[in-house]
Structure formats: structure tokens, C-alpha cells
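Structure first, commentary second.
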């Protein structure tokens, strides 16, 4: 395992071994059985390229009403509990005394991407966001506190974990592309990204 720092983001390369990654994928599949993956609509009326679901007290949703956290899946059911395997990662790297209230699970297919954005729908920006990469490599781009300006990119591989905290908590970031087929963790390819957040 190698720990890097890029614009205030702490990047743990190879934190999770193959066995831990496989256990996480199995846990995500159980979550998706209880709260199926869906493609959210942006407030501008366009579907997002990623599919997602959540676990915890809250899930993150988006539609014509805007971006927000909700205690219910769009189909009406409560979100399942955050798997213990995921909580263990939070306890290991977050440095927080609080427990996460949302684990957002994004699935990136071959052409999916995520534009530069801030994670700012939470109430307390002193709490970090912890991001876990599973499956195919993703090109992760990090900017600054404004959308414009210079950026830097790093490939995140399966088993890498990123902590966005402190002064970097509101930094713009995104995923430009995935290296489809670079991992055999997911039988049909693609990338899973789990992000843990304190909401209230």
C-alpha cells in the first residue's frame, strides 16, 4: 500500500486486497437487491451516465427538484444498512468520530463519466468524504475550489481509497473516463465507486 497526497486529497493506493474487494462487491450486490440501481435525472432534464443506489440512513437522489439526500429510494423503499465491510474502511482512514450516514454507490459502464463537481449537499463540511474504487481503472481529475482553473489527474485502480477532507473537502473533482476491461473484479467490466458521507 502506498499513500499519496494530491491537492489535499489523501490517496491510499492498493489499500484493499483482492479478498476485501470481492467481499465489497458481494455486499454491494446485496444492497442493490434491496434498493435497485437507477439512473437519476439531472435538474436540467438529462439522465446521468452513471447508475447508482445507496445504503444508510440517507441516499443521494437527483431529479427535476434538484440534488439532495432522501430517506427513501425513488421506488419508495428505505435504504438498506451500510455494509460492515464498508464501515470498516471509514473507521480505518476517515479520522472521524462520527459514523457515515450515506454510502452512495455509483456504477460506471464503458462510456460513463462524472463531470467536475463539489460534494456540498451535506451539512458539516468538516467531515470528510471517503471514496472506494472497485473494478476498472478510473481517471480521477482534481481541480480547485472554483470550477475554472488548472486540474491534475490520477488513475485510480481497484482497491484504491481516497479521503477528501480538510481544506480539500470542497475541491472540484470528477471522473473523465474508465479503462474498460482493465480489471476482472466485475464479470462484465465497469467500475464501482463507493462514497461515504456524514449528511446531518
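For region 73-86, the criterion of being part of a strand (DSSP E or B) and under 28 Å from residue 149 (Cβ atoms) is met by none of the residues.
On the stretch given as region 38-47, residues that are in a loop (DSSP other than H, G, I, E, B) and within 20 Å of residue 196 (Cα to Cα) total 2. Does residue 140 qualify as being free of Cβ contacts under 8 Å to residues at least 60 places away in the same chain, under 14 Å from the mean Cα position of the chain (by Cα) and at negative phi? Yes. Checked against (1) modelled with pLDDT under 95; (2) in contact with a strand residue (DSSP E or B) (Cβ under 7 Å, 6 or more places away or on another chain), residue 4 passes all but a single condition, namely (1). No other residue among 120, 141, 179, 147 is in contact with a strand residue (DSSP E or B) (Cβ under 7 Å, 6 or more places away or on another chain) and either at pLDDT below 95 or closer than 15 Å to residue 52 by Cβ (or both) apart from 147. Answer yes or no as to whether residue 199 is touching a strand residue (DSSP E or B) at 6+ places or on another chain (Cβ under 6 Å), surrounded by 21 or more Cβ atoms within 10 Å (Cβ to Cβ) and in contact (Cβ under 8 Å) with a residue 60 or more places away in the chain. Considered against the rule, which asks whether it is touching a strand residue (DSSP E or B) at 6+ places or on another chain (Cβ under 6 Å), surrounded by 21 or more Cβ atoms within 10 Å (Cβ to Cβ) and in contact (Cβ under 8 Å) with a residue 60 or more places away in the chain, residue 199 comes out as no.
Among the residues that make up region 179-187, is at least one of them assigned to a loop (DSSP other than H, G, I, E, B), closer than 23 Å to residue 35 by Cβ and in contact with a helix residue (DSSP H, G or I) (Cβ under 6 Å, 6 or more places away or on another chain)? Yes - at least one qualifying residue is present in region 179-187. Only strands (runs of 3 or more DSSP E) whose full extent lies in region 125-171 are considered here, and the ones with at least 3 residues that are in contact with a helix residue (DSSP H, G or I) (Cβ under 8 Å, 6 or more places away or on another chain) are 129-135. Residues of region 90-114 that are in contact with a strand residue (DSSP E or B) (Cβ under 6 Å, 6 or more places away or on another chain) and either within 21 Å of residue 27 (Cβ to Cβ) or at pLDDT 95 or above (or both): 90, 93, 94, 100, 101, 102, 103, 104, 105, 106, 107, 108. When region 96-109 is filtered for residues that are part of a loop (DSSP other than H, G, I, E, B) and surrounded by 14 or more Cβ atoms within 10 Å (Cβ to Cβ), the ones remaining, listed by number, are 96, 99, 100, 101, 109.
Among the residues making up region 49-69, those that are without any contact (Cβ under 8 Å) to a residue 24 or more places away in the chain and either in contact with a helix residue (DSSP H, G or I) (Cβ under 9 Å, 6 or more places away or on another chain) or on the phi < 0 side of the Ramachandran plot (or both) are 61, 62, 63, 64, 65.
Scanning region 19-37 for residues that are touching a residue at least 60 places away in the same chain (Cβ under 8 Å) and outside any loop (DSSP other than H, G, I, E, B) yields 20, 21, 22, 23, 24, 25, 28, 31, 32.
The values are calculated or read from the model by the stated rules, or taken from the named source; none is laboratory data. Since the structure is predicted, the reported quantities are computational estimates derived from the model, not experimental observations. Cβ coordinates were reconstructed from backbone atoms using ideal geometry, including for glycine residues, and neighbour counts include every protein chain displayed.
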